[in-house]
Each structure stands twice: as structure tokens, then as C-alpha cells.
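One structure is given below, encoded as C-alpha cells.
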Amino acid sequence: MASAVGDFRWFSQDLALGLDFCLTFVRASSPGEVLARLGSVAPIDIQGSGNLPHAGALDPNNGLAFLAVADAGGWIMIVEPNGSFCIDEHVVQALSANGEQVTFYRSEHAKPQFLWAAGGDVRVAFCPAGDDSRSGSDPHRLDDVLAEFGFGAQDDEECQARTLALMHHLTGVRLTPTLLENVVFRCVFVPDPLGAQIDPDVLAQAQDDVADAASGYDPLDDPWSIYGIRDPRVKATGKAGLWLASHDQDLAVGLALADPRLVRAAVGWMRDWAFTKAELLDQPWFTPLRDALDRGESIAAGAREAARRRLTPAPDPVLYTAGEQAPLGWRHEQAFSLIDGTLPESPVAQFADAFRAALMVDISHNGRALAEMRRTFPELFADATDE
């Protein structure tokens, strides 16, 4: 048996399940049977242990335990990245009630644990890393087997290989890199502690995280993740939508999902707001320019230059006091940005330009444009989490 230990040295050398994990084998007919015992819902399939969510991607204090469950041929394998759910006494009773359970728990911050249970009862439990003490209802049942595998050495560097060899001896399941790479896990969340009520909102967020992992999504590569926005329709608004989300994520979502007519109305309203604060909206010479924008037309270069000559130059430096109106030249320059250049094709991008100009025109009254927008178009400010 000692020679069999060498067959499992790869496990700790490759960090096959990371530094912290709980590996369990349960004698059961199917993953579905095991999941039913634990009260799981809506499993998500992920192939290969390397694609399971990293511990940092899941909230360990949300009242849920993450399990990856797979058929290993006569036994059901449960992998917990950075978990310890399967060593809880109530969980052991549930998993081994109609069969057997073999579990190996390993953590950087605690002593490793091994247990063998049957009929809801822990028969043998011990620390594989050199502690000779045994516990359970039949603590010395495996003493001869443990001795043959070489357990008992203090600070045993091969304790992981010995434990996997012991699990193979008890279950007949040989853990291999190929098995871990190719097996399809049914990934679920179960209530922790077992039997507790699950918060539906917490569960939905946790399942989103697992679905992201299954699709290869990495929130570190997604600038939308800091706003909790996942809807592809919202993401399709691009940089304009991201900039709007930095000011009000509900508005960014509302504009992306709204009827185009409502978005165009919001664009016109925000432009007029900026033009009003710049004292341009009521100028007869400015009306044709404003009307062209409403028709979705860019302003011709000649008309832009003619308009520029009518505007008051911005002072240098620009001085303004919070709560007081900024200089007229400053307001003219910011409003002029809305007629200077080609009009974006995207209505959301047009709104972003109008909102940016409104913020700058009214720079001494921070937030007034957005507050008035909320009162005028409340339907655009739906909670981003509703979608």
C-alpha cells in the first residue's frame, strides 16, 4: 500500500484543488440524489475542476455553501473550493444516512481532517498530518490500513497523497488529473447551516457569480461589474453608457432599455436644459440650430462658425462660486459643444453628450440637472437590479 501513495503525489504538487478545499465521496445513485438531500436548487454545469469559481469570487459569509457535485463511478464526488460544509455533523448525517461518506478537508489555517461515515454515523475521524488520535464510533476500525499507508509521521509532507490513497482504498475511486479535468460538475448553492432559510436575492447573486464562472467571465475584465450591471443591452451602450453609469447607474439602465421615442425626448429635454442655462434657447438665431439637432442632423461647418462668432468668449481663468451662476462665456462654450461636430448615431450617446454639457454649463450647481431629470422622467430611473 505504501507504494500506492506515490500514485497521488501529483495532487499536492499540482495544487489540483488549490490550497484550501474539501473533497468528499458519497455512495449514492446520482448527483441528483445527493443534491436533494441537501436542499439545493438550479444547478449549473461546469466541466473540469480548473473552471470552478475561485474562492475570492464567492462570498463565504452569505449563508450559502458552494458545492460542485459529479458522478465518479459508483460514488458521487463533491468538491468545495475553500469550503468545509461536508464536515459539519448535520451534513455528514444527511449525506451518509443511506450509505457511506469519505471526506478529506484541507486548509492553510487549520489542521487537515479525514472522516469515514456510514448510516449517518462517523465511524473514524482523524488528522492525516501526524496526529495519532482517532475519534468516531469505531475509532480503531482502520488502524491496520492506516499503518500500511504510513500514517502517523509528524508534519507529514505526504499526508495529502496518503489520504487520497486511503480514499481510493475505501471507495475504489482513483482520483486522476484526467478525471478532474473532464468530469462535469453540477454546481449548486445549499443553505449553510443545513436547513436554514435562503435569501432569494442572495441566492440569485450567487448563482450569477457561478454562471459567470461557467462562461469564463472575469469581473476584473469588465468595467461594468463595479456597477453590478450585466445586461448585454446596457453594455451595448459602450463608453457613453459607462460614463452615465458613473453618475447614475439607474439612468444608464433606463436609457438602454427604454422605448427609443422616450430616449429621444430625454435627449431633447437635456439639450434644452443646457441651452436654457446658457441663455441661448430663446435666441432667434439659435432656434434653427436647435431644431436641426432635434431632427437628428449635424450642424454644418459654416453654421457652426457663424454661431461661434455670436457667443461670448470664455474668460481665462474661469472663476465661479458654488451656488452662483458661472460666467456667460463659460456657459456659451460648454453649450456650443453640442453643435460642434458630428452628432452621434446612438441616442444614448447623444444623451450622454447633452448631459455632459448640462453638467458643465451648470457647474456651480452640482447635481441640479440630474435632479430635475429625475422629476421629469421618473420612468427612466428604474432600479438597475430589476432587470
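The values are calculated or read from the model by the stated rules, or taken from the named source; none is laboratory data. Because the structure is a prediction, the values reported are computed rather than measured. Cβ placement follows ideal geometry from the backbone for every residue including glycine, while neighbour counts extend to all protein chains displayed. Only protein heavy atoms, including side chains, enter the accessible area calculation; ligands, DNA and RNA are left aside. Shrake-Rupley method; radii C 1.70, N 1.55, O 1.52, S 1.80 Å.
Remarks
- In this Cβ point-charge picture (+1 for Lys and Arg, -1 for Asp and Glu), segment 73-214 has a dipole of about 460 debye about its Cα centre.
- Both the radius of gyration and Dmax for the chain are 31.7, 100 Å, in that order, over alpha-carbon atoms.
- Cβ-Cβ FRET estimate between A382 and A147, R0 fixed at 56 Å, reported to 0.05: 0.25
- Computed E for A97/A211 - FRET, C-beta separation, R0 30 angstrom, nearest 0.05: 0.45
- Stretching W10 away from S29 to a fully extended chain increases their span by 3.9 nm, per 0.36 nm per residue minus the current alpha-carbon distance.
- Comparing Cα centroids, segment 286-360 and segment 239-274 end up 18 angstrom apart.
- Candidate residues R141, R123: accessible-area rank, largest first, probe 1.4 Å: R141, R123
- Accessible area of E297 (1.4 Å probe, protein heavy atoms only, ligands and nucleic acids ignored): about 80 Å².
- Solvent accessible area, Å² - L175, 1.4 Å probe, full protein context: 10
- D132 accessible area, 1.4 Å probe, all protein chains in place, Å² to nearest 10: 100
- In the context of the full set of protein chains, segment 28-179 has a per residue accessible area of 43 Å² (1.4 Å probe).
- Computed helical MRE - 222 nm, the chain, DSSP H runs ≥ 4 contributing -39500 (n - 2.57), nearest 500: -12000 deg cm²/dmol
- The string of couplings for segment 348-358 from the Karplus curve (6.51, -1.76, 1.60, θ = phi - 60°) is 5, 5, 4, 5, 4, 5, 5, 5, 4, 5, 5 Hz, one whole number per residue in order, with x for Gly and Pro.
- Only one residue of P139, A161, T171 has its Cα farthest out toward the positive end of the dipole of segment 129-180, where Lys and Arg carry +1 and Asp and Glu -1 on Cβ, and that residue is T171.
- Subtracting the Cα-Cα distance of H109 and E305 from 0.36 nm times their residue separation leaves 63.5 nm of extension gain.
- Dipole of segment 25-157 [Lys/Arg +1, Asp/Glu -1 at C-beta], most positive-end residue of I76, A129, I44: I44
- Segment V41-E324, extension gain: residue separation times 0.36 nm, minus the distance between their alpha carbons: 96.1 nm
- Here the spin labels are modelled as points 7 Å beyond Cα on the Cα-Cβ line, and at D221 and S133 they lie 4.8 nm apart.
- In segment 104-198, the GluC sites (Glu not before Pro) that fall in loop regions by DSSP, at most 14 other Cβ within 10 Å: E108, E157
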